[in-house]
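These notes are about the structure you will find just below.
None of the figures in this text is laboratory data; all of them are computed from the coordinates on show. Quantities reported herein were computed from a predicted structural model and do not represent experimental measurements. Glycine also receives a Cβ, built like all others from the backbone with ideal geometry; neighbour counts cover every protein chain displayed.
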Amino acid sequence: MPNTAPERKSAQAGNSAELAPLLQRLDQVLQQLALWLPPLPAPVRWDDAIAFRWRKLGGRGALQPVAHPHQIRAADLLGVDRQRRLIDDNTRQYVEGRSANNVLLTGARGTGKSSLVKAMLHKYHRQGLRLIEVDKSDLVDLTEIADLVAGRPERFIVFCDDLSFEASDPGYKALKVILDGSIASASENLLVYATSNRRHLMPETMSENLETKYVGEEIHPGETTEEKVSLSERFGLWVSFYPFDQDEYLAIVQHWLSQLGLSAAQMAEAHQPALQWALLRGSRSGRIAWQFARDWAGRHDTAVSSKPSQKATRAVKARR
């Protein structure tokens, strides 16, 4: 062991010379690892959009702005006046800073559930409403999304379309946490609006309704059923949608034909073909009416101005 200052300096110099190649090699390894790691997400540019999508890139989630969100007016959604009023009241309370509920929209397909949520964004985005679309597979990131928007002045709606779960889905518990809060209180500027064809969101078996029949090692099957129903109950507002009758369906067809610029005579001719169109598809819904209107208008566009009106342009952007 060196005792003098020159000897100590010589030993330190020797150690530094030995460490230099090792540090250089380590730096090369770190550079190679950096090439394999996904890049850090860019900061969210909140002022660039009113709607966002949550997307996973390389295992990391990030908010991506939606450059051209659907411009759907609530007034264009016919046959759902009661449902529109309920959702509009809840959303208005929310953007005004008052208490409001998470919303579950359930029922018949094609009746305007998703469109009503988008219509709320169109109506209230100037008051600070923002929409974040999250796929069912990404619901496990809900707490991360909540942390990301916490403290922002905007009011955010997390939109989950066509929601349903299997028993093993990891997003099930994540959604329960964000709806009820965990040890942390629920965010004041985040609500969940979800659409589903199922009111209880998870499949149930007949055996679960027979509490006296035990399946596998489950001792209390009735509690399993209660657990599945409990997720729906965490939504403060349930809004149900029902199939349209013939008159409602035809009224929606006429509305869209008018928006697409057809004449009264062309609209009158569409009555019977519209009924046949719905019969072939086995459903009378707003979506079916919109699809027929597009087909009928496309086949009769010789009588429509080559420069579409503002109403027609708006209708083309809409989706039922």
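Observations
- Amide H contacts for VAL158 (H built 1.01 Å from N in the peptide plane; partners 5 or more residues away or on another chain; cut-off under 5 Å): ILE132, LEU191, VAL192, TYR193.
- Subtracting the Cα-Cα distance of ASN101 and TYR242 from their residue separation scaled by 0.36 nm leaves 48.6 nm.
- Rounded to the nearest Hz, the phi-derived 3J(HN,Hα) couplings of the range 25-32 under the Karplus curve 6.51 cos²θ - 1.76 cosθ + 1.60 (θ = phi - 60°) are 5, 5, 4, 5, 4, 5, 5, 5, where x marks glycine and proline.
- LEU279-GLU233 FRET efficiency (beta carbon distance; Förster radius 30 Å; 0.05 resolution): 0.20
- Gain on full stretching of the segment that runs from ARG73 to GLU154 - 0.36 nm per residue minus C-alpha separation: 27.1 nm
- Remark: the range 126-141, residue by residue, has Karplus-estimated 3J(HN,Hα) of 6, 8, x, 6, 10, 10, 10, 8, 10, 5, 4, 5, 9, 5, 4, 9 Hz, where x stands for each Gly or Pro and the curve is 6.51 cos²θ - 1.76 cosθ + 1.60 at θ = phi - 60°.
- Each residue of the range 102-111 was assigned a 3J(HN,Hα) from its phi angle through the Karplus curve 6.51 cos²θ - 1.76 cosθ + 1.60 (θ = phi - 60°); the sequence is 5, 10, 10, 9, 10, x, 4, 5, x, 9 Hz, with glycine and proline shown as x.
- For peptides 96-107, 143-154, sequence by mean Cβ density within 10 Å, most packed first: 96-107, 143-154
- LYS176 paired with ASP89, simple spin-label distance in nm, labels 7 Å along Cα-to-beta-carbon: 3.1 nm
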